[in-house]
Structure formats: C-alpha cells, structure tokens
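Chemist: Quick one: the structure is below, questions incoming.
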Amino acid sequence: MSGKQHPDSAHPYPFLPMTPADKPRHRHITRSFLFAAAGLFLTAAALAVVQPAQPPEPVYQARQTLDLPATGSATEAATPAPYIASTRIRRGDTVSDLLHRLGVNEEGLLTFLTHDEGARSIYKLYPGRTVQAALNDQGNMVWLRYAHTPGAAMKSGIQSAWLEIRPDAKNQFTAHERTTAAARETRVAEGEITSSLFGAADDADLPDAITMEMVDILGSRIDFLKDLRKGDRFRIVYDAYMHDGEQVGSGHIRALEFINKDKTYSAVWFTDAQGQGGYYDFSGASLKGAFLRTAIKFTRISSRFGMRKHPIHQKWTGHKGVDYAAPSGTPIHATADGTVEFIGWQNGYGNIIVLKHFGQYSTAYAHQSRFAKGLKKGDRVQQGQLIGYVGSTGWATGPHLHYEFRIAKKQVDPLAVDLPVARPLEAADKKTFAAQVEHYQPQIQMLARLQDSRVDLLAER
Ligand SMILES: [Zn+2]
C-alpha cells in the first residue's frame, strides 16, 4: 500500500518509474469512434489525454514536432523537426546496443561516452529507463538523451532530469545534465475484464504501476488471484507525469471504482487533518485492512497461473484451506502483521509456517519448498513480508500454496469471512472527505456511463 502523503507532492515516491510494459499502447480506434458516434464529446475529450499513439514495441520511431526546452539553440528551432527514436533499457544492454537500436552511428560518440566525465551517468544502465535520440534528415544525431529515473530532484519538486549529449561545432560532443518540471496530468481510464486484469489494463493504456497500485489498494477486499470474473469492471482517475509529450512516470491513483462479481468497491485518496494519508471507500471506511486477501502477490505472471488454473476456488468443505497453484519458488507473503508461532515440518502440510496475529487470528502457509532465510519461531513479521516459497512438500500433488485462516485455532474460509478493518475517519475529517468524494465521483460516474453506452451500442449492432 502506498505511504502517507500523496498524491500531493509530499508522497514518499512521487513518481513510480515506468516499466517496459507501461509503454502506452494504441487505443482502439473503433472504441473512440463509438464514443464520438454516441455524441459523448465530453467523454472523447477526457479520453484524448490518455494515449499518445505509439506501437507497443520497446523500440519505436516516430516523426514528431519537438517542443524543445529553453536550452535548444535558435538554429535548431529553424530546422525541420528531427526524427525521434526512443528505446527502453533492457537487462544486459550495453551502451552500444542502445545506440544501435536508436540508429545512432556517430563517429567518436562511443569513445566520448566512455571517456567524458560528464557523460558517464549513461553507463548506469537501469532497465526500464529511456534513451532517446533525435536524428536529422541526413541521419545525423541532433541530440541523445538519457532519462534519469525521477530521483532526488523529483521528490522535491516533480522534476524530470536527463543527460543530454550534443555534437558541437568542432565535431566533438558535449554532455550536460538537464532538468525541467514535469507536468502532471490527471487521467481517466476504464476497462472490463474479459480474460485477465492485465489484458483489460493494457486495453485501457493503464501503466503497470497503476494497475499494481489498484491491486494494492483493494488487497484487503479482493483476492485478485481468485475473485476476478469475466465482466468485472474498473474506473480509475490517476496522475501521470509528462515531459515533451512522453510519459516520464506515473503518479498515483486518486480515485477508483472496481466492480467485482456485482459488488462495487470504491477508493479515494484522502489526507486527514493530521496529515495522515490513506485510501478510503466513498463511505469513509479505511481500505487498509488488517489482512491481505492473498499471500501470493498479484503480478503479470501470477495473474496468469491464478486465473488459468483456478477460475473458481475449490470447494471449502473437507479441505479447510484455499489452494493457490503456483510454480515452485513463488514467494509467499504474510497476510498480516504477526509472530511466527510455528516454522517446520508437519505431517501432510510438509513445510509449514503458522503466524499468530492479534486477537484470536492465525494463518498457515503449507507445502513450502523452503522458508525465508533466517526466519525462526518467535520472529515478528509484517504484513506483506516474504516468509517462504511455494513448493509441494507434504501431501501435495503439485506445487501450490495451501493457505489457512484460523480463528481460535479453527479454520474458517478466508474468502467468505469479513476481515477486520482498521481506522475509520474522525468526525472532524468527514466534511473535507465528503468534498473530496464529490470531486471524483462525477468523473467515475462519467466513466460508468461511458462503459454502459458502449455496451448499449454493441448490443444495438
Ligand atoms: Zn489445500
């Protein structure tokens, strides 16, 4: 779950760095067309901010007008817009791989990058960061930019920082560190799950970081590995940070609505009078649950095996636990703060950990291949902490996590029980909170109408 003060700039991580999968994708033209056809001009305008048109490949090239920062020289502004190539750093890349993918073939550039003190930061090849090059009509490099992940500078004032290399008059190169303010844009997105949450998120051009944040926000309400159904819907209002028409980072979710199995969950970020921030549902109940719904993190990978193998969770009767099929070695996380009550072997369970939580609650994680290094009886663990790895020890036909939720040492169905929730709103905060909800609810409702109109249009065809 997110920290204490966001989406205002005081959030501990005002930017979430983009991953390759965050690359915005083409929005389906047909869908935009349907909206327009329905006369929902407002809607179309709202969606228009969502998607710069770029193909999904990590390397792309597009001719575009450059909105050069003040550092650009006058002569350059007069020349035709250069050809921009952009690529994302992959694991194992070298600088020459990057230049090759960008189509940059400047004599002496690689030597310059290796030897120049100021250019050295390009050698910090963090996967996921972006390197761009502008080429003129003759294919000569106008500039090369290496986008630094929003780091220290970002935290203070939402800045975008990059290293810029340019050829100079003497056929040499110069390197400069540049910064500029990144613009924050509020975006809306909606989607309907047909095959998977990530599939729907990709269709909605939702950055992975935002999808994961949605899963985190509702992690105490929805077991995303087991509860998702075809037809589930989401509507999200979130922030994105832009520089030069490129998304340089995703901000955070401001409000959302998620309909799972006909039950509507809502969330809005709210900072109370004490400066404590958190997500609440529209009625003002905190979404920070004492227990997470699942011990296996929902990711692009886990979503695949979760959805495929267990579209409907197994029968509770005679089993006393919930099984999560997952490859051996998949990390297992504590679903709540607690203490290690048992760690070791038990007949049938194989390698098992039992955690004792507040009150009468305890949880058990069985069939593990191995435990987290150094973990022992009596250790305190926090919600979300890694405690072990999926395996098939004990009576298990294949690798899976057998998870038990126990009240007074008796197993109960965690998917059926209403789990305790923390911290309701103080009376003093209720008015400000109501105003916040009033601000976001119309946007969410607009998205809901949009989804409905699409469904209607499809039905009429
Ligand atoms: Zn089981």
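The values are calculated or read from the model by the stated rules, or taken from the named source; none is laboratory data. This is a predicted model, so every value here is computed, not measured. Counting neighbours? That spans all protein chains shown, and the Cβs are built from the backbone with ideal geometry, glycine included.
Chemist: Just to check your reading of the model, which residue among Arg221, Arg229 is over 30 Å from Glu117 (Cβ atoms), out of contact with any Phe, Trp or Tyr (no Cβ under 8 Å at 6 or more places or on another chain) and outside any helix (DSSP H, G or I)?
Modeler: Only one candidate qualifies: Arg229.
Chemist: Among residues belonging to region 338-363 that are within 15 Å of Lys376 (Cα to Cα) and under 30 Å from the mean Cα position of the chain (by Cα), point out the one that is surrounded by the fewest Cβ atoms within 10 Å (Cβ to Cβ).
Modeler: Residue satisfying both the conditions and the ranking: Thr339.
Chemist: Sticking with this one: Taking region 169-203, which residues are in the same structural domain as Ser453 (by TED's automatic domain parsing) and of a type in the set (Phe, Trp, Tyr)?
Modeler: Phe198
Chemist: Further question: Out of all the residues in region 348-385, which are of a type in the set (A, V, I, L, M, F, W, C) and away from the ligand (no atom under 16 Å from the Cβ)?
Modeler: Listed by number, the residues that qualify are Leu355, Phe358, Phe371, Ala372, Leu375, Val381.
Chemist: Further question: Please enumerate the residues belonging to region 386-404 that are under 11 Å from Pro331 (Cα atoms) and surrounded by fewer than 17 Cβ atoms within 10 Å (Cβ to Cβ).
Modeler: Leu386 - this is the single residue of region 386-404 that is under 11 Å from Pro331 (Cα atoms) and surrounded by fewer than 17 Cβ atoms within 10 Å (Cβ to Cβ).
Chemist: In region 204-214, which residue that is within 30 Å of Leu144 (Cβ to Cβ) and either of a type outside the set (A, V, I, L, M, F, W, C) or outside the structural domain of Thr264 (by TED's automatic domain parsing) (or both) is surrounded by the fewest Cβ atoms within 10 Å (Cβ to Cβ)?
Modeler: Filtering region 204-214 for residues that are within 30 Å of Leu144 (Cβ to Cβ) and either of a type outside the set (A, V, I, L, M, F, W, C) or outside the structural domain of Thr264 (by TED's automatic domain parsing) (or both), the one surrounded by the fewest Cβ atoms within 10 Å (Cβ to Cβ) comes out as Asp208.
Chemist: What tally of residues in region 300-336 results from selecting those that are at pLDDT below 55, surrounded by fewer than 16 Cβ atoms within 10 Å (Cβ to Cβ) and more than 16 Å from the ligand (Cβ to nearest atom)?
Modeler: 2
Chemist: While we're on this one: Pull out all pairs, ordered by first then second residue, where Cβ-Cβ is under 9 Å, the residues are six or more apart or on different chains, the first lies in region 432-449 and is modelled with pLDDT under 90 and outside any helix (DSSP H, G or I), and the second is of a type in the set (Val, Ile, Thr) and crowded, with 16+ Cβ neighbours inside 10 Å.
Modeler: That search, which allows pairs on different chains as well, returns nothing.
Table: residues versus (1) over 26 Å from the mean Cα position of the chain (by Cα); (2) within 16 Å of the ligand (Cβ to nearest atom).
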position: His400; (1), (2): no, yes
position: Lys410; (1), (2): yes, no
position: Asp418; (1), (2): yes, no
position: Phe433; (1), (2): no, no
position: Gln441; (1), (2): no, no
position: Gln445; (1), (2): no, no
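Chemist: Name the pairs: first residue in region 317-342 and part of a loop (DSSP other than H, G, I, E, B), second residue away from the ligand (no atom under 11 Å from the Cβ) and of a type in the set (D, E, K, R), Cβ to Cβ under 7 Å, at least 6 apart or on different chains?
Modeler: Correct list of pairs: empty, since none qualify.
Chemist: It is to be established whether one or more residues within region 419-440 are in the same structural domain as Ser328 (by TED's automatic domain parsing) and hydroxyl-bearing (Ser, Thr, Tyr).
Modeler: There is no residue in region 419-440 that is in the same structural domain as Ser328 (by TED's automatic domain parsing) and hydroxyl-bearing (Ser, Thr, Tyr).
Chemist: Report every pair of residues separated by at least 6 positions or lying on different chains whose Cβ atoms are under 6 Å apart, first residue within region 364-382 and assigned by TED's automatic domain parsing to the domain that holds Asn347 and hydroxyl-bearing (Ser, Thr, Tyr), second surrounded by fewer than 20 Cβ atoms within 10 Å (Cβ to Cβ) and part of a loop (DSSP other than H, G, I, E, B).
Modeler: Ser369/Ser328
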